[in-house]
Amino acid sequence: MTTVLRATDSSTFLGVVPSLAGFTPRRSIVLLPFRGTRTDGAMRLDLPHDGTDLEAYADAAVGLLARVAGTDAVAVVVYTDDEPQATRDGLVLPHAVAIDEVLGCAEDAGLRVVDALCVTPSGWSSYLEDEPELRPLAQICSPPDLPTVDDVSGDQSAGAGLPAVDLAETERVGRAALELAAVLDRKVHGRLTGRENPQLIAALVLLEDIPAFFESVLAAPDGLPPFATAALLWCLERPLLRDVAIGQWATDLEGGIRTLDAQTAFAESGTMVPDEVGRVFLGQGPAPDVDRLKRALSVVREAAARAPRGARPAPLTAAAWLSWALGRATHAGRYLEMVREIDPRYSLAALLETMIGGAMLPEWAFRRGPSA
């Protein structure tokens, strides 16, 4: 969604921010890159805490803005649980020192400041006013011509929890996983008696063509049957196949086939994986189809919810990467926390934590275009 700022009414602008961000931020600084009077996205940062190097914080924030092509201006909005402080010299807004650093750094980078606002539990105000006044939250309103978007009433953490699944479903998936492992991990495939569970046989057939299987799960974002879920978990627990799933969901079926061929060649003979395959994982190259990523994310969230606890790190890590690819770093961080609670040494989770902790975002997140 691209918003054209036609008015200087800050209260109306505040009404647009949740739609641009996709949620209602809390305890956050939101940066909105502008090109002229247009903005088509929002970047959220955690508020600086005590001891934060504010100069480095501001440099990092403006560095993110600079990566958005064509940006010549910025608006900044703080959402805080802290209240303004009344002093003899007037109202002091929360995080005023940090915002001064950010705005100064933005101006040094040649960016025009469109607005700098603060939303507190009791009202909102502007950092640009010499004598800030607290105005009622009821003044914040969305413009009548704002396009309809998904529900944005939750904050940046909303929706990061796993779907609710009853214990019986988890037990069914657990039993299916054990039956599947007995055939696959013990290498007794080919000694089937014909008396096996037909659903187990169907799962084995799915695994005969891994890319086709990964493509088929996108048609079932609300959850797979127990044996299909077990098959997906088995794949995601194997780094080679997990990387194929991520690469395919971020591209297409052909991309999955290329990734499988490349990963297999590396595993068998040490042949280097082509750069175009590795670049996808690092968030580089053509932007993925957003709807495709969302469907994949729904699938792995459902798989994680249905998996026995010990089998959850793999789908949770896949959910973290997919969330990161969608620009949902907060959600990605929550999934990685869940992994750490189960297996603190899970390798891919540690790598993703390094990427997210370093404020690394996918390259495609900085390209202008329709918002997700």
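Scanning segment 159-179 for residues that are assigned to a helix (DSSP H, G or I) and either surrounded by fewer than 13 Cβ atoms within 10 Å (Cβ to Cβ) or not β-branched (Val, Ile, Thr) (or both) turns up Leu167, Ala168, Glu169, Glu171, Arg172, Gly174, Arg175, Ala176, Ala177, Leu178, Glu179. When restricted to residues that are aliphatic (A, V, I, L, M), under 19 Å from Asp155 (Cβ atoms) and free of Cβ contacts under 8 Å to residues at least 24 places away in the same chain, segment 320-366 contains 1. Among the residues making up segment 60-70, those that are free of Cβ contacts under 8 Å to residues at least 60 places away in the same chain and surrounded by fewer than 20 Cβ atoms within 10 Å (Cβ to Cβ) are Gly63, Ala66.
The rows are residues; the columns are (1) surrounded by 22 or more Cβ atoms within 10 Å (Cβ to Cβ); (2) hydrophobic (A, V, I, L, M, F, W, C); (3) at pLDDT 95 or above.
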residue: Ala21; (1), (2), (3): yes, yes, no
residue: Gly36; (1), (2), (3): no, no, no
residue: Thr39; (1), (2), (3): yes, no, no
residue: Pro48; (1), (2), (3): no, no, no
residue: Thr52; (1), (2), (3): no, no, no
residue: Thr80; (1), (2), (3): no, no, yes
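Quick grid of which residues meet (1) farther than 25 Å from Val183 by Cα; (2) surrounded by fewer than 16 Cβ atoms within 10 Å (Cβ to Cβ); (3) out of contact with any strand residue (DSSP E or B) (no Cβ under 8 Å at 6 or more places or on another chain):
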| position | (1), (2), (3) |
| --- | --- |
| Asp209 | no, yes, yes |
| Phe214 | no, no, yes |
| Ala219 | yes, yes, yes |
| Thr229 | no, no, yes |
| Arg242 | no, no, yes |
| Ala262 | yes, no, yes |
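On inspection, Ala296 passes the criterion of being assigned to a helix (DSSP H, G or I) and buried (at least 24 other Cβ atoms within 10 Å of the Cβ). Can you spot a residue in segment 3-10 that is free of Cβ contacts under 8 Å to residues at least 24 places away in the same chain and at positive phi? Checking segment 3-10: not a single residue is free of Cβ contacts under 8 Å to residues at least 24 places away in the same chain and at positive phi.
Residues in segment 266-304 that are touching a Lys or Arg at 6+ places or on another chain (Cβ under 8 Å) and at pLDDT 90 or above: Ala304 alone. Counting just the residues of segment 264-289 that are touching a Ser or Thr at 6+ places or on another chain (Cβ under 9 Å) and under 17 Å from Ala320 (Cβ atoms), which one comes out surrounded by the most Cβ atoms within 10 Å (Cβ to Cβ)? So the residue we want is Val280.
Restricting attention to segment 220-242, does a residue exist that is within 23 Å of Glu363 (Cα to Cα), part of a loop (DSSP other than H, G, I, E, B), of a type in the set (Asp, Glu) and assigned by TED's automatic domain parsing to the domain that holds Ile356?
So far as segment 220-242 goes, no, none of its residues is within 23 Å of Glu363 (Cα to Cα), part of a loop (DSSP other than H, G, I, E, B), of a type in the set (Asp, Glu) and assigned by TED's automatic domain parsing to the domain that holds Ile356.
Criterion applied to Leu180, Leu218, Leu206 was being touching a Ser or Thr at 6+ places or on another chain (Cβ under 8 Å), of a type outside the set (Val, Ile, Thr), modelled with pLDDT of 85 or more and closer than 23 Å to Ala296 by Cβ, and the one residue passing it is Leu206. Just to be sure before I move on: is Pro315 within 15 Å of the chain's Cα centre (by Cα) and part of a helix (DSSP H, G or I) in the structure I sent? Yes.
In segment 99-113, what residues are buried (at least 20 other Cβ atoms within 10 Å of the Cβ) and touching a strand residue (DSSP E or B) at 6+ places or on another chain (Cβ under 8 Å)? Result: Ile99, Val102, Ala106. At least 1 residues being touching a helix residue (DSSP H, G or I) at 6+ places or on another chain (Cβ under 8 Å) is the threshold, and among the strands (runs of 3 or more DSSP E) wholly inside segment 61-137 those reaching it are 73-79, 112-120, 123-126.
I'm checking my understanding of the structure. Among residues of segment 82-118 that are at positive phi and among the small types (Gly, Ala, Ser), which one is modelled with the highest pLDDT? Restricting to residues being at positive phi and among the small types (Gly, Ala, Ser), the top hit is Gly110.
The values are calculated or read from the model by the stated rules, or taken from the named source; none is laboratory data. Just so it is clear, the structure is predicted and the values come from calculations on it, not from any experiment. We place every Cβ from the backbone using ideal geometry, glycine too, and count neighbours over all the protein chains shown.
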